[in-house]
Protein chains: 2
Amino acid sequence: MGDQTRFDLPQSRLPKAWYNLNADMPVPMVPPLHPETKEPVTPEFLSVLSPMALLGQDVSPDAEIEIPEPVREIYRLWRPTPLFRARRLEQHLETCAHIYYKYEGVSPVGSHKPNTAVAQAFFLKDEGGKCFTTETGAGQWGSALAMACNFFDLGCEVYMVRVSYDQKPYRRHVMESFGATVYPSPSMNTAAGQSLLEANPDHPGSLGVAISEGIEAAVTSGGEKKYSLGSFLPHVLLHQTVIGQEALEQMEMAGEYPDVVIGCAGGGSNFSGIAFPFLRENLRNQRTTRLVAVEPTACPSLTRGTYTWDNADVIGMAPIIKMHTLGHTFIPPRIHAGGLRYHGMSPQVSALVDSGHIEAQAIDQVDTFEGGLMFAQTEGILPAPESNHAVRAAINEAVACRETGDEKVILFNLSGHGNFDMAAYGAYSDGTLERYEYPESEITEAMSHLPEVDFPG
Amino acid sequence: MGDQTRFDLPQSRLPKAWYNLNADMPVPMVPPLHPETKEPVTPEFLSVLSPMALLGQDVSPDAEIEIPEPVREIYRLWRPTPLFRARRLEQHLETCAHIYYKYEGVSPVGSHKPNTAVAQAFFLKDEGGKCFTTETGAGQWGSALAMACNFFDLGCEVYMVRVSYDQKPYRRHVMESFGATVYPSPSMNTAAGQSLLEANPDHPGSLGVAISEGIEAAVTSGGEKKYSLGSFLPHVLLHQTVIGQEALEQMEMAGEYPDVVIGCAGGGSNFSGIAFPFLRENLRNQRTTRLVAVEPTACPSLTRGTYTWDNADVIGMAPIIKMHTLGHTFIPPRIHAGGLRYHGMSPQVSALVDSGHIEAQAIDQVDTFEGGLMFAQTEGILPAPESNHAVRAAINEAVACRETGDEKVILFNLSGHGNFDMAAYGAYSDGTLERYEYPESEITEAMSHLPEVDFPG
């Protein structure tokens, strides 16, 4: 079928293992440091936060880590996800490039997030755990973890950035429908939240603050609760590699191989999910696919941040990480891509950008929505604001091909749908969506609060 | 695989033809009547409203009507849709029944509606048409038609019930993202709207009023615009039969045959879409599957209405139809299942309920949300409020099997997801969702305004 637009894998091709980049990592990695001692964290420190299986995955050298059957059983509710060739978009752009997208919005909560949420909930349950605490911005991650905990009969305690809690009750209703308890953050539940609310009773919250609260709630629970993170950590990126593994097979069905693979990047997990299996092919099989991580100009950790040691959270309860960062005191403006508003970046992605294995781009939100709307009008799907960054980068690549006549094969990850983000599309249509270029002075200011670290790296 | 939960058809099994029940209709049908002459409508009258191809489908005796390739090409963006066995729900209910559901929420706008929207837009374009007018309640139908018109480069003018327009801007943003023009109804665009607004500037609107406006806008356009309806008419039910045809094959993959097939019913199209191919098997091959249409107690046209002649719209511009009706002046309460708030019912479904080929049930919205939440917590998908009626009826069947030990095979149509309806789930969780039993006196009052018709039937 020469004009096929959709490439479906049969159920039998659902991956049996996650791909672990540790096995092929082309650059040395440094460990996370304890926020006070500034020495490598101990397993004891981390085990208060995370199930042991996940900590083991973070440092495992094995290239393949088996996906437990109960996780695969739940994956089958929406996986394998479809891969599409965007023929209508190509025609609209009058490009000779071939544009493919992997669509993760078919999951029950509408994004790639359940790929790791289900895995994390399984391992917590497996170790006799009772409850996960976590943070969420607009609610994509909270919804996914709420659903996953519900499946494994675990409690789920979500600290939701207050401004989203107040302005966007719908995602909260999703979480509550799955039995989660949702608190506006900062909350009175934690010492961190209390101190912020005392200083400012109207504190709007931020992802960094919500992370601190989630961590504190776990650490002070006497072992009752563990803390779950929806991006950033190696095991989260690992779980997302089902995306790229499926995409590799589906590109083979399409009879093509991508010249460039694109994903949006906040903490780095959906980007890594699609990119790492192709990076493996670059490293092992002399492929030369460009891997492009796309971030907002309003939170440009990869393109304008520094690769250095910084706190992963605002309060300083989480480890200090070597990563691309804008400074942990940086509070990004309230752009609509709430999932891309984090001051740092996954240490693996950071190291690979630093080494040149991965490219980084920043795009303004107004341009991303222009791209998203063009995508919707040609392909029918309204992307999430985060995904619009990947959409726009793919469109830019395809437009460049129109100029050069290059028949490039472009693959991007459409990480979720925009059903819960229509207010943002309304703002774009009304012309009230703001451009945002972060002033250099503010980055300099935030970078003056980095922790002092002597550890080599 | 004895424990398979998902049954996917390959792309190659996308139906090539719609199934036309006219060929097997076991009871005689009467024609629509002109609202003034009360004689059968002429093709001239109808052709002002609808593309000729659709009018031809309404009366075609052919069992199969070919699906044009450009329509199939767009269907492939989300079809064939998955069929699931709800094993977790079965376990939760401790039932020996087998519960299957066909999931139409994977379409770009999240419901079954694009199945007909895309077909209608194709035929309008094919006849050189320029624009569709239509009505929408909460916006499911308007979103689908907006997307379809966008694909075929047609204008789309949507009259949206004012209370939804004001309270639920998100669906409007979806329609506008696809390039549609959306008016709150009643509007000043039409004589019908003007007269209602003069009488009551705060008129909240209703589906019946919005239908009148959509029709008037088409009729007075001098041929520029045609009117599209998203349910009720034979060609709409016809286009939805892709659902049941796929389900027939998928049940065969599962090695089972349904004892009962369930769908929610407002105008009747998603119910008919899944049920008619099974009705064909009942009629041709001596199958005895029960076919159950489920409506809200707040708008009980099938269970408490009368099978008689009534106006299809409020103002009296549309034909008079023999159908189950609560009276065209009936304004149903504002339940959250906006798609089930129509005073009448598809003439085909009405005739088949009257003849006993189809069963009808009414369920209160509070009970439907209880069912929907149970479904979400076991299967992961939050259903649309309309779909919750089918979910609850399926649960009731399965619970009855627990009592009797009957190993019934139950199939229902999960017509859409509830992503745009989370306020309703919030209301259910808060305990503020109201039960609604329509008082007999109000039905009697509305039924006193039926048109007087001498035509036999």
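The values are calculated or read from the model by the stated rules, or taken from the named source; none is laboratory data. If you're wondering where the values come from, they're calculated on a predicted model, not measured in any experiment. No Cβ is skipped: glycine too gets one built from the backbone with ideal geometry, and neighbour counts run over all protein chains shown. Remember, those area values only see protein heavy atoms, side chains included, never the ligands or the DNA or RNA. Shrake-Rupley method; radii C 1.70, N 1.55, O 1.52, S 1.80 Å.
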Please state which one of A:L124, A:L49, A:L83 is touching a helix residue (DSSP H, G or I) at 6+ places or on another chain (Cβ under 9 Å), within 23 Å of A:W141 (Cα to Cα), modelled with pLDDT under 95 and crowded, with 21+ Cβ neighbours inside 10 Å. A:L49
Those residues of segment A:1-33 which are assigned to a loop (DSSP other than H, G, I, E, B), within 11 Å of another protein chain (Cβ to nearest Cβ) and hydrophobic (A, V, I, L, M, F, W, C), in sequence order: A:M1, A:L9, A:L14
Residues satisfying the stated conditions in segment A:80-129, i.e. on the phi > 0 side of the Ramachandran plot, touching a residue at least 12 places away in the same chain (Cβ under 8 Å) and out of contact with any Ser or Thr (no Cβ under 9 Å at 6 or more places or on another chain): A:E94
Would you check if there is a residue in segment B:11-19 being modelled with pLDDT under 95 and of a type outside the set (F, W, Y)? yes
In segment A:323-342, which residues are at pLDDT below 85, surrounded by fewer than 24 Cβ atoms within 10 Å (Cβ to Cβ) and in contact with a Gly (Cβ under 9 Å, 6 or more places away or on another chain)? A:I331
May I ask you to say which residue of A:S387, A:S429 is at pLDDT 95 or above and either crowded, with 17+ Cβ neighbours inside 10 Å or not in a loop (DSSP other than H, G, I, E, B) (or both)? A:S387
For A:G380: the one exception among (1) surrounded by 15 or more Cβ atoms within 10 Å (Cβ to Cβ); (2) in contact (Cβ under 8 Å) with a residue 12 or more places away in the chain; (3) farther than 23 Å from A:L229 by Cβ: (2)
Of (1) away from chain B (no Cβ under 14 Å); (2) modelled with pLDDT under 95, A:N419 satisfies all except one. Which? (1)
Quick one: is B:P80 assigned to a loop (DSSP other than H, G, I, E, B) and under 22 Å from the mean Cα position of the chain (by Cα)? yes
Filter segment B:169-205 for residues that are out of contact with any helix residue (DSSP H, G or I) (no Cβ under 9 Å at 6 or more places or on another chain) and assigned to a loop (DSSP other than H, G, I, E, B); which is most open to solvent (accessible area, probe 1.4 Å)? B:P201
Which of (1) more than 14 Å from chain A (Cβ to nearest Cβ); (2) over 30 Å from B:E44 (Cβ atoms); (3) of a type in the set (A, V, I, L, M) does B:M188 not meet, given it meets every other one? (2)
Take the residues in segment B:189-230 that are of a type in the set (D, E) and more than 16 Å from B:G142 (Cβ to Cβ); name whichever of them is nearest to the chain's Cα centre (by Cα). B:E216
Within segment A:217-307, strands (runs of 3 or more DSSP E) holding 2 or more residues that are open to solvent by 20 Å² or more (accessible area, probe 1.4 Å) and in contact (Cβ under 8 Å) with a residue 12 or more places away in the chain: A:225-227
Would segment A:36-43 turn up any residue that is part of a strand (DSSP E or B), more than 14 Å from chain B (Cβ to nearest Cβ) and surrounded by fewer than 18 Cβ atoms within 10 Å (Cβ to Cβ)? yes
Can you name the residue in segment A:153-174 that is among the aromatic types (F, W, Y) and free of Cβ contacts under 8 Å to residues at least 60 places away in the same chain and is also farthest from the other protein chains (Cβ to nearest Cβ) among such residues? A:Y159
Can you tell me which residues in segment B:132-159 are in a strand (DSSP E or B) and over 22 Å from A:Q91 (Cα atoms)? B:F132, B:T133, B:T134, B:E135, B:T136, B:C156, B:E157, B:V158, B:Y159
Output the number of the condition that B:E407 fails; it satisfies all remaining conditions of (1) surrounded by 14 or more Cβ atoms within 10 Å (Cβ to Cβ); (2) touching a residue at least 60 places away in the same chain (Cβ under 8 Å). (1)
Tally the residues that are assigned to a helix (DSSP H, G or I), of a type in the set (S, T, Y) and touching a Pro at 6+ places or on another chain (Cβ under 8 Å), restricting the search to segment B:83-121. 0
For segment B:350-377, how many residues are within 11 Å of another protein chain (Cβ to nearest Cβ) and open to solvent by 20 Å² or more (accessible area, probe 1.4 Å)? 3
